[in-house]
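A.B. asks: The structure is given below, and queries will be raised subsequently.
The values are calculated or read from the model by the stated rules, or taken from the named source; none is laboratory data. Given the structure is predicted, the values throughout are model-derived calculations rather than measurements. FYI the Cβ positions are ideal-geometry reconstructions off the backbone, even for glycines, and counts take in every protein chain you see. Ligands, DNA and RNA are stripped out before the accessible areas are found, and what is left, the full protein with its side chains, is counted by its heavy atoms. Shrake-Rupley method; radii C 1.70, N 1.55, O 1.52, S 1.80 Å.
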Amino acid sequence: MTSRYKQTYPGLPTTGVNDHEEKSSHWVPSPYIILLFVFYLLLLFITKAIEDDLPSVVQERDISKDDSNTFSEVSARKYLHRILGDQPRVSGTVYHFVKTRDIKDLVDEIANKANLPVRTDWQYVSGDYWLAFSSPHVNIYQNVSNIIAVLEGESGFPNGSIGTSLLVNCHYDSVPFAMGASDNGVFCSAMVETLSKLSRRKKKLKHNVVFLFNGAEENVLLGSHGFLQHPWSKGVMNVINLDSAGMNGKPSLFQVTDPRVLEVYKRTAVRPNAQGIGEVMFASGIIPSDTDFRIFRDFGDINGVDIAFIKGGNVYHTRNDRPDLIQPGVIQNAGDMLLGLVRELADSDVLDTKEPQSTFVYYDYIGLFLVTYSRSTALIVDLFIGILGLCSVFYFLWMFGLRRSSVTSLLWSTAGRVVCLCVGLAAVAFFTSLMILTTRQMRYLSAQWMVIPLYALPYLISAVYVSHLYDYSFTKKTMNRSIRTSQAMSGTRLLLSVALLALCCFPALSNIRYIISVPLLLMSVGSFVSVTFVRYGNLKAWQHLVLDVSLASPAALFGVALALRLVPLLAPVAGRSAADRPDYVIALVVTALTTVVAGTAVSVDLHYYMRMRTLLLYMQDIRLNL
């Protein structure tokens with residue numbers, strides 16, 4: 001029996017108006033759909049597991065006395081308790097002075113046992129400076145304390161002055177009422193352990209390493225500014241600044257002013273964690289905080305990298321910033337990163353000369369590897385990816401008939417993507433407003449998984465349902481489900497390509513364009529394979545589904561990993577901000593991230609495969625039969 005409907009695309013079956021006439025090969029049985037959702041849950045679990053994976057704790061007893069390359073969390077925790085004590089260490093208080101003396105004794109003990117020369121100093125310093133922050137003001141300080149230890153390298157102290165040096169900085173003071181275990185005790189303890197291990201070396205590093213334990217960061221960055229008056233600051237060529245805006249997880253590299261240091265980090269970091277979008281957030285004031293990195297950059301002309309813990313920001317500057325809440329492996333991971341970076345950088349040619357301030361585009365792929373390139377290269381890369389995305393759309397049209405009707409159908413489908421986005425945003429806005437009116441804001445601050453049912457699911461459900469209705473109305477009469485899916489995903493790539501090419505007109509956004517370019521690249525490459533198989537492979541619907549899921553997984557992993565980084569960072573930031581309705585901010589961020597993740601995953605278009613015999617379809621069938 002021949003169909004009474006014209007076959008628009010040769011070799012590929014189309015469907016008529018009546019959904020009941022479709023062959024069984026054109027739709028996916030329900031068990032496959034269930035398996036697909038299980039697969040995406042597994043994908044989320046795997047990404048979360050990779051993000052949370054920490055190394056095993058190394059015992060000091062398992063390290064030989066001559067081993068200068070192995071960091072021990074057990075030793076670092078001992079140093080941590082000596083640094084913290086049992087009270088907050090607010091600069092200017094008596095207890096702060098007591099702990100300053102204890103840190104001085106600690107580094108002196110290491111110096112006395114060291115194989116290499118280690119010089120120490122307790123700096124008292126006074127001064128003033130103009131801080132051009134969001135609220136510009138003059139800072140005046142008197143008798144600020146810093147503890148400084150220098151591991152002497154081959155550059156040494158020629159003619160009474162200090163040779164080329166690497167600066168490693170942390171602060172040991174805390175805010176009132178907070179123990180400051182993560183902010184910034186963890187990195188202080190990691191620095192002491194790094195100094196201890198490197199001092200065991202038999203051979204000097206090429207350059208000196210200056211370990212600065214500054215005593216007044218919480219008082220608007222006073223200690224770091226005071227250090228710039230010390231004679232040992234004169235030989236500093238680069239800085240590794242260490243700080244915290246959260247607890248646990250992996251420290252993130254989020255500011256770069258010398259790409260050479262970034263390249264060393266790339267070589268040495270076993271679990272790289274770096275996202276250039278953090279740099280834009282700091283520069284724009286979205287994150288209402290600052291670090292000593294600003295002082296070294298703006299007042300000392302010292303470039304380098306800024307690294308901080310960002311997860312667990314709900315305990316930042318609170319009584320819950322306690323050492324017993326630091327998870328096993330956190331200090332080990334931070335210490336492994338720091339020891340490898342300091343050792344490699346201090347023994348390289350990077351510190352021979354200073355370079356003008358500049359930055360790179362950088363991001364890691366779910367902590368497996370780090371991608372870096374210059375801003376000029378970023379423009380070329382992003383333009384290429386944008387054009388590639390457009391080519392993938394043209395390829396779809398060419399494969400299935402390049403004619404006016406095909407282009408019109410694609411544009412209608414693309415418009416449907418925009419309609420779905422708007423409806424999803426409206427749904428999230430409605431539920432967010434309802435939540436604000438009926439309950440307390442930021443209830444998910446310490447349980448951030450709740451943003452999924454509160455924001456992500458309303459967006460997905462409403463967008464997918466509207467997408468089904470829209471595409472059924474405009475495209476069901478002309479093509480089967482597989483082609484409709486390919487067309488819808490081509491529409492998504494068209495929107496992303498146009499958006500990326502538009503963003504290329506703004507150089508200041510170089511460090512955030514990768515949020516679009518990376519998924520678009522992966523989606524575009526995968527689309528050439530998918531469209532070819534759909535056109536010539538005579539695939540059954542379930543086979544097409546498996547193919548698309550496999551091709552979309554790398555982009556989905558990137559989007560999920562990005563969401564797992566940004567939500568824990570921005571939720572506490574929104575809670576600390578002066579915004580009257582921080583829930584709206586988080587709702588917008590989560591919706592944007594959901595759009596990125598959903599746009600890469602075929603799950604958004606699953607409804608094309610399902611036999612959704614809803615009341616609407618029955619009503620339309622009845623109307624057509626009449």
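A.B. asks: For Cα pairs less than 8 Å apart in space and 6+ apart in sequence, what is the mean separation divided by the residue count of the chain, i.e. the relative contact order in percent? Don't skip to the end; give the middle numbers.
C.D. replies: Details: 1080 pairs, mean separation 104.6, N = 626.
Once divided by the residue count of the chain, the mean separation gives 17 percent.
A.B. asks: Quick check: Cα centre of segment 119-161 to Cα centre of segment 530-583, how many Å?
C.D. replies: The two parts, judged by their Cα centres, are 46 Å apart.
A.B. asks: Further question: May I ask you to order 211-219, 156-164 by the average number of other C-beta atoms within 10 Å around their residues, highest value first?
C.D. replies: On the way: 211-219: 25.1, 156-164: 13.9.
Listed from highest to lowest mean packing, they are 211-219, 156-164.
A.B. asks: Follow-up question, since we're still on this one. Determine ³J(HN,Hα), in whole Hz, for all residues of segment 176-191 in sequence, where each value follows from phi through the Karplus function 6.51 cos²θ - 1.76 cosθ + 1.60 and θ = phi - 60°; x replaces Gly and Pro.
C.D. replies: Once rounded to whole Hz, the list reads x, 6, 10, 6, x, 5, 8, 10, 9, x, 4, 6, 5, 5, 5, 5.
A.B. asks: Which order do peptides 58-65, 481-488 fall in by mean Cβ count within 10 Å, highest first? Display every interim value, and only then the final one.
C.D. replies: Working: 58-65: 11.9, 481-488: 25.1.
So the order, starting with the most tightly packed, is 481-488, 58-65.
A.B. asks: Peptides 381-387, 512-518, 282-288: what's the order by average Cβ count within 10 Å, highest mean first? Please report the intermediate quantities before stating the final value.
C.D. replies: Working: 381-387: 19.0, 512-518: 23.0, 282-288: 14.0.
By packing density, highest mean first, the sequence is 512-518, 381-387, 282-288.
A.B. asks: Quick one: accessible surface of S358, probe radius 1.4 Å, all protein chains present, in square angstrom to the nearest 10.
C.D. replies: 50
A.B. asks: May I pose another question? Please give the helix 404-438 orientation as an angle from the longest Cα principal axis of the chain, in degrees from 0 to 90, rounded to the nearest 10.
C.D. replies: Helix 404-438 sits at roughly 60 degrees to that axis.
A.B. asks: Give me the percent relative contact order of segment 355-477, please, defined on Cα pairs under 8 angstrom at least 6 residues apart.
C.D. replies: Values: 66 pairs, mean separation 28.6, N = 123.
After rounding, I find 23 percent.
A.B. asks: Got a sec? Charge dipole of segment 405-556, +1 on Cβ for Lys and Arg, -1 for Asp and Glu; which of S482, S553, P507 is way out at the positive end?
C.D. replies: So the residue furthest toward the plus end is S482.
A.B. asks: Moving on to the next point. Keeping all protein chains in the complex and leaving out DNA, RNA and ligands, what accessible area do you get for K540 with a 1.4 Å probe, in Å² to the nearest 10?
C.D. replies: 100
A.B. asks: Let me ask something else. How far, in degrees from 0 to 90, does helix 259-268 lean away from the longest principal axis of the Cα atoms of the chain, to the nearest 10?
C.D. replies: The two axes meet at around 80 degrees.
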